[in-house]
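Visitor: Questions regarding the structure given below will be posed in turn.
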C-alpha cells in the first residue's frame, strides 16, 4: 500500500532554519498520513529535539562538503537496513551524499528539494562551477526534483541543473494555526524597550550574506532621519551576526536596533512588528516571509525569485531591487508614513497566506509525488 512507504529525509544541519522547519513539518505530516518516516541529520540541535518530541526516528550522520566516501557508505547501509522506499534530500550537501548513497543502495525513489539554488548566486569561482557541474550530473540520479518556486525552476532549467521533465514545483507551506488571532505583543515590545508610538520594522533569518543584512543596515540612517519613531528588530543568528552588531554600533543606530539572537517564539515576535522586511540577495520560497504574511504584516522584500511570488507589489507589500539600500529605505519609509496602507497590506497578506500557503497543501503534494514516482518505478 502506497501510504506505508518508508521515507528517509536527509538534511545536513539540525540547527534552527527554514530547511529544518520544512523537514520537521514534512516528517510530522507524512507520519500522520501513514508513512513510515526516518530523518538523517546532525546528531544534536533544534531539529533533533523537535523530531524526538514527535517520536520520529533520527539517525545521526555527519555530512559536510569535504570529499569522503564515508557518508555515502553509511547512508547506503541505512537505506538497505531500513528498507527505504523513498530517499528525500534537502539542500546541496545532503543532496550530494544522499543521492549518491541512494543510487549505491538501490533506493527505488530518490527525490531532491532545492531550497534555493545557492551555487548559481556565488561569484563565478571554481567552487561555484564545480557545484553546478556536480548538480548537473546528480539530476540523472534523481527520480524527481522539487523546486519551491516557479522562479527557481526556471533558473535551474536555464542553467541545466534542473530537467523540466522530472521537476515538480511545490511551494513551501507553514502551519497557519500558529499565526491565527495574533495580538500586538505588548510584552515583547516592552521586553525590547519599544514604546507605543514606535513603528517596529523587523526581520527573521540567518545572518548570512544571502539575506542582504548589509543593505538593511545601510538603509537605517535614512529611515531614522525621516522617521525617528522607527525601531528595528532583527531576529536570528549566524556567521554574520557579529559583523552586523559592529555595523550598528555607531551613534544613532545602536539605540534603535535590537538583535535578539536565536528565538523560538517567532509568532509572538512577528506580532510585535508593524512592518516585515526581507532584503535577500536570492531566495527559494522563504518561510519567514510566509509567516510574516500569515501574521498580517505589510511586507517589504527584494524583487528576487521566491520573494516576488509571495509579495504582490502594492497589494500585500512592496518589492524593491536587491542590493539597493536607498530603495529599501524609501519603501520602508512609505509604509511608516501611511498607517492605513500598512494595515490594508497586512490584511491582504493574511488572506493570501490563508488560501495559498498551508503546510497541508505542501505535504499532500509531496506525498502524492512519492506515490507517483514509486508506482512508476514498480512498472519498470
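Visitor: How far is it, in nm, from the label point at residue 264 to the one at residue 303 when both lie 7 Å from their Cα along the line to the Cβ?
Guide: 4.0
Visitor: Please check: in the Gaussian network model of the chain (C-alpha springs, under 10 Å), which one of 126, 300, 107 has the largest mean-square fluctuation.
Guide: 126
Visitor: FRET efficiency for residue 191 and residue 249, Cβ-Cβ distance as r, R0 = 30 Å, nearest 0.05? Please report the intermediate quantities before stating the final value.
Guide: Working: r = 21 Å, r/R0 = 0.71.
Approximately 0.90, to the nearest 0.05.
Visitor: Select from 217, 86, 134 the residue whose mean-square fluctuation is largest in a Gaussian network model of the chain (Cα-Cα springs shorter than 10 Å).
Guide: 134
Visitor: Give me the distance in nm between label points sitting 7 Å out from Cα along the Cα-to-Cβ direction at residue 339 and residue 44, one decimal.
Guide: 4.9
Visitor: Which label belongs to the value computed from this structure, given these candidates for Rg and Dmax of the Cα atoms in Å: (i) 20.4, 64; (ii) 21.1, 68; (iii) 23.1, 69?
Guide: It is the value labelled (ii).
Visitor: Further question on the same structure: Run the paramagnetic zone check for residue 361: 7 angstrom along Cα to Cβ, then residues of segment 110-145 with backbone nitrogen under 15 Å.
Guide: Answer for this model: none.
Visitor: Figure the gain on full extension for residue 159 and residue 80 (residue separation times 0.36 nm, minus the Cα-Cα span) and round it to one decimal in nm.
Guide: Details: separation 79, 0.36 × 79 = 28.44 nm, distance 3.38 nm.
Net length gain for the segment: 25.1 nm.
Visitor: Does segment 304-360 come out rounded, prolate or oblate, given a ≥ b ≥ c as the square roots of the eigenvalues of its C-alpha gyration tensor, rounded meaning a/c under 1.5 and, failing that, prolate meaning a/b above b/c?
Guide: Numbers: a/c = 3.36, a/b = 1.33, b/c = 2.52.
The shape class here is oblate.
Visitor: If you average the sequence gap of Cα pairs under 8 Å that are 6 or more apart and divide by the length of the chain, what percent do you get for the contact order? Walk me through the intermediate numbers first.
Guide: Numbers: 732 pairs, mean separation 57.4, N = 380.
Answer for the chain is 15 percent.
Visitor: Pick out which of 370, 264, 46 has the largest mean-square fluctuation in a Gaussian network model of the chain, springs linking Cα atoms closer than 10 Å.
Guide: Highest fluctuation among the options: 264.
Visitor: Once both labels are modelled 7 Å past Cα along the beta-carbon direction, what's the residue 225-residue 134 spacing in nm?
Guide: Distance between the two pseudo-spin positions: 4.5 nm.
Visitor: To continue, here is another question. Is the C-alpha gyration tensor of segment 176-356 telling us rounded, prolate or oblate? Criteria: a/c under 1.5 is rounded; beyond that, a/b larger than b/c is prolate, otherwise oblate. Numbers along the way, then the final one.
Guide: Numbers: a/c = 1.29, a/b = 1.17, b/c = 1.10.
Rounded shape, in that the Cα axes give a/c under 1.5.
Visitor: What percent antiparallel are the DSSP beta bridges of segment 176-356, to the nearest 5? Write down the numbers at each step before the final one.
Guide: Working: 1 of 21 bridges.
Antiparallel: roughly 5 percent of the beta bridges in segment 176-356.
FYI, it's all coordinate maths here, none of it is from the lab. Predicted model, so just to flag it, every value in this text is computed and none were measured. Here the Cβ is made from the backbone with ideal geometry for all residues, glycine too, and neighbour counts use every protein chain on show.
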